[in-house]
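A short write-up of the structure that comes next.
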Amino acid sequence: MDEILINGGTPLNGEVTVSGAKNAALPVIAATLLVGDRFEFHNVPALKDILSIQDLLADMGADVEFHDNTFSIDTANLSHFEAPYEHVRKMRASILVLGPLLARMKRARVSLPGGCAIGARPIDQHLNGLARLGADIVLEHGYVEASAEKLTGAEIYFDLPTVTGTENLMMAAVLAEGQTVLRNVAREPEILALAEILNQMGADIAGAGSSVITINGVKALKPVTAAIIPDRIETGTFMVAAALTGGEIQIHKAAHSHLKELILKLEKTGAEIDCANQTIRVKGNAPVNSVDVKTMPYPGFPTDMQAQFMVLMAVAKGFSVISENVFENRFIHVSELRRLGADITISGSHAMVRGVPELSGAPVMATDLRASACLVLAGMVAKGTTRISRIYHLDRGYDALEKKFSRLGADIKRIPAQT
Ligand code: EPU
């Protein structure tokens, strides 16, 4: 397996361009299952999760091509309506095929995702919602077997806001008969982006981006060509990198309106931030002030930025509390950060971070996607050499992150696996 080797201590300076958002591309690609025709998406990031959904849809019979960030797919001749365990265990977001398959093909068979490193992550809200639309759901042999002669609009109240749950229900309801009202839904920008593309396809969705979404079912949808929105978590990772290394980075193709809470917190740490059109400039200043954060569903502080922000607090002046409110086990990076000299204590869903003057390089292991990004950031500020193993987690969700950091001046390289 590839590893990443970093010699820390260099401030990052220069310009970088953000890739398209993984978590916006995945549902939009799944939505092509609603129509048997050819779609083209631009600005699709070249990363492992996109290759995973490409393989999944190809196995169902879709004709898929992906190069130069353009994803073309023809879903006319689907032969299997199934997401098998081998796919779902690699990528939980495979669950996103459930809603659209059920809506178009009247049936779907999707492996239950099970837990993952960051939490139990049940899908009860997806299944309850689909049942409310009239689907017959059976759980058998580790699979969700769903079928419905017809889906009928209904009022659905989510117990908690779920991102992929909201997306699945939106995709199922667009072809249902009558009106569906989804209440207490997630409000992430990726949900609005999906709704906009579904509306371009001919759907009738209102309210996406707020906590109530109303969908009037339509008879049929048509294919579209569309672009994927910028990745707010990749953007945030570069913003933290500038603040952390005391450098200055201009981040292009960035949507600052999606990052308001992170911007406020970074400014409190002492970073200077200017936003203009699609560019964010971040300048890091010493000392870094300690700031508390609590992760919350959007528009709160993103759980997907918690690990990266923790690195900044690990070298800040003072003491901060980082509370994780979205996933129950998203502190696995803490023990690796401690190996680099961080002073962090966990109590339940809170991490108490006492800033230290410097981190020191060491071999560490990536445990999930955002934890990997946090270790890369930590390695870039640590004194000496940090070697990160299991970086396949990083490759799942970042498009050439080490190359982008290298162009900003980091001493970072990928060591290919010995064959
Ligand atoms: N939940 C339930 N029941 C459900 C669904 C969710 O209890 O039926 C709980 C989860 O266990 C969790 C909370 O609700 O505690 C929120 O989970 P959510 O369903 O919103 O997460 P997700 O849709 O599985 C997406 C992103 C994640 C991101 C979360 C939260 C995609 C493909 N994934 O996951 O992204 O962390 O929303 O913002 O959009 C990542 O990119 O690294 C990543 C993990």
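A short reminder: the numbers here are calculations on the coordinates, not readings from a lab. A quick note: this is a predicted structure, and the numbers were derived from the prediction, not measured. Cβ coordinates were reconstructed from backbone atoms using ideal geometry, including for glycine residues, and neighbour counts include every protein chain displayed.
Here are a few things to note about the model shown:
- Length-normalised contact order for region 129-199 - Cα pairs under 8 Å, 6+ apart - percent: 31
- Karplus 3J(HN,Hα) series, Hz, for region 127-137 with 6.51 cos²θ - 1.76 cosθ + 1.60 (x for Gly, Pro): 5, 4, x, 5, 4, 4, 7, x, 6, 9, 10
- Partners of K383 within straight-line reach, counting aspartates and glutamates whose Cα lies under 13 Å from its Cα and excluding those fewer than 8 residues away in the same chain: E358, D411.
- Entry note, the chain: relative contact order of 21 percent, from Cα contacts under 8 Å with a spacing of 6+ residues.
- Helix-derived mean residue ellipticity, 222 nm - over the chain, DSSP H n ≥ 4, -39500 (n - 2.57), to 500: -9000 deg cm²/dmol
- Distant-in-sequence amide contacts of G318, defined by a placed amide H-H separation under 5 Å and a gap of 5 or more residues or a different chain, comprise G355.
- A Gaussian network model of the chain, with springs between Cα atoms under 10 Å, assigns the largest mean-square fluctuation among L101, L160, L57 to L160.
- Given 14 as the ceiling on other Cβ atoms within 10 Å, longest exposed-site-free region of the chain for GluC sites (Glu not before Pro) in DSSP loops: 150-327
- According to the Kirkwood relation over distinct C-alpha pairs, the hydrodynamic radius of region 1-156 is 17.2 Å.
- Convex hull volume of the Cα atoms of region 274-319, normalised per residue: 95 Å³.
- Scaled radius of gyration (Cα, divided by 2.2 N^0.38 Å) that the chain gives: 0.98
- Between the listed residues Q54, A76, V97, the Cα displaced farthest toward the positive end of the dipole of region 1-145, a dipole computed from Cβ unit charges relative to the Cα centre, is found at V97.
- Fluctuation leader among H141, H350, H42 - the chain, Gaussian network, Cα springs under 10 angstrom: H141
- Distance cut-off 18 Å, percentage of C-alpha pairs in region 47-111 lying past it: 32
- Near G209, the amide H atoms lying under 5 Å from its own belong to L192; only residues 5 or more places off or on other chains count, and H is placed 1.01 Å from N.
- log₁₀ of I(q)/I(0) at q = 0.14, 0.17, 0.22, 0.23 Å⁻¹ - region 179-267, Debye sum with one point per alpha carbon: -0.64, -0.80, -1.05, -1.11
- 18 Å cut-off, amide nitrogen to a point 7 angstrom out along A276 Cα→Cβ, residues in region 224-250: 248-250
- Estimated vicinal HN-Hα couplings, Hz - region 213-221 in sequence order (Karplus 6.51, -1.76, 1.60; Gly, Pro = x): 10, 10, 10, 9, x, 10, 6, 8, 10
- Label-point separation in nm, K403 to E65, each point 7 Å along Cα→Cβ: 2.1
- DSSP-defined beta bridges in the chain - what % are antiparallel, rounded to 5: 70
- Stokes-Einstein diffusion coefficient of region 277-361, Kirkwood radius over Cα pairs, 4 °C, 1.567 mPa s, in µm²/s: 97
- Take the chain and mark each of the trypsin sites (Lys or Arg not before Pro) that is in a DSSP loop with at most 12 other Cβ atoms within 10 Å; the longest unmarked stretch, sites excluded, is 220-419.
- Of the beta bridges in region 135-231, as assigned by DSSP with both residues counted there, near 70 percent are antiparallel.
- Taking the three principal axes of the alpha carbon atoms in region 295-419, the coordinate ranges are 41, 31, 26 Å, sorted in descending order.
- For I249, I228, the sequence from fewest to most other C-beta atoms within 10 Å is I249, I228.
- Backbone HN-Hα couplings from phi across region 396-404 [Karplus 6.51/-1.76/1.60, Hz, Gly and Pro as x]: 5, x, 10, 8, 6, 4, 5, 5, 5
- Computed FRET value (nearest 0.05) for E328 with D55, which takes r as the C-beta separation and R₀ as 22 Å: 0.15
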